[in-house]
Amino acid sequence: MINTLPPLKRLYSTSSKKWMSRQAKDPYCKLAKANQYRARSAFKLLQINEKYRIIQRSDVVVDCGAAPGGWTQVAAEKVSKKGLVIGIDLLHVDPIPNAHLIKGNFMRLKTQNAIREILEDRPVDLVCSDMAPSFSGNHTADHARSMELCESALRFAEKVLSPGGSFVAKFLMGGTEHEFRKKLQTIFAKVKTEKPDSSRKQSTEGFFVALGYKPLQQKIVTDSSTKEDITAINNAANEIVKEDVIQIDTENRV
Ligand SMILES: C[S@@+](CC[C@H](N)C(=O)[O-])C[C@H]1O[C@@H](n2cnc3c(N)ncnc32)[C@H](O)[C@@H]1O
């Protein structure tokens, strides 16, 4: 019989052989398998949560960039049946008990509207994003794209987070993350940058952990001294919010 299969050594390239050997040795891959998590990345959220306790029972969590589902699995097991978890990804995610899954581009208004339909005005306790761009090989471009994903997640978070809520976002280091961090510091009471043990040392990824969301009006009230000032500034703030919504609707991109 003629063997039509190519010799085994040609089935895998050197880089995929390296990848398979790294996966086989990686303790977090073994742990993920043992705990039935779909991805080793589940441990990144578990380790961030262990340190900051960002997911409580009954919480509402929006998980951006969910495929294959590791973070969504973690969130869904941490919140009780009273909680709500929504995972969104460009790719299909197989069903996860106690979680809603949306296939779509998070940066599109249509996708964000689909999330809000499920939320039914329930305020969100945590918006987390593990979204990553498809790598182009050009680090500057990949970094810029990763920061765009962070910006998009933050803009959405500002619309749905409850006062005191949390925000976690993955970014690829490259320079401009410092500007984003400064912005987070004006919106949240506490901002930290984390590289959990489960994040590979050679990867340039990091995670912003922002706690204690301060909605626009709350920030303004803190800065103002008189009642008249507060009313005037809050009216102006409402106008800004309205303009923002109109602009977003026009672009159909958030
Ligand atoms: C590192 S993976 C997420 C892993 C996931 N947190 C887990 O634990 O299984 C990054 C994901 O971000 C998704 N992604 C990138 N850009 C996106 C976008 N604009 N909208 C939705 N998902 C996006 C990718 O499809 C990819 O599945």
Calculated from backbone phi, Karplus (6.51, -1.76, 1.60) coupling profile of region 94-102 in Hz, x at Gly/Pro: 4, x, 10, x, 6, 9, 9, 10, 10
What nm value, rounded to one decimal, do you get for the distance between residue 92 and residue 190 when each label is placed 7 Å out toward the C-beta? 4.2 nm
Amide H contacts under 5 Å for residue 164, restricted to residues at least 5 apart in sequence or on another chain and with H modeled in the peptide plane, are 213, 214
Roughly how many nanometres apart are two label points built 7 Å out from the Cα toward the Cβ at residue 33 and residue 182? 4.7 nm
Name the residues whose placed amide hydrogens come within less than 5 Å of the amide hydrogen of residue 87, ignoring near sequence neighbours (fewer than 5 apart) on the same chain. 63, 100, 101, 102
Could you compute the net charge surrounding residue 88? Neighbours are other residues with a C-beta less than 12 Å from the C-beta of residue 88; K and R count +1, D and E count -1. +1
Can you list the residues, at least 5 places off or on another chain, whose amide H is less than 5 Å from the amide H of residue 38, using H built in the peptide plane? 70
Set of region 93-120 residues, backbone N closer than 18 Å to the point 7 Å along the Cα-Cβ line of residue 159: 102-120
Region 36-52 - phi-based ³J(HN,Hα) in whole Hz, Karplus 6.51/-1.76/1.60, Gly and Pro as x: 6, 8, 6, 8, 5, 4, 3, 6, 5, 5, 4, 6, 5, 5, 4, 7, 10
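None of the figures in this text is laboratory data; all of them are computed from the coordinates on show. Just so you know, these numbers come straight off a predicted model, no measurement behind them. FYI the Cβ positions are ideal-geometry reconstructions off the backbone, even for glycines, and counts take in every protein chain you see.
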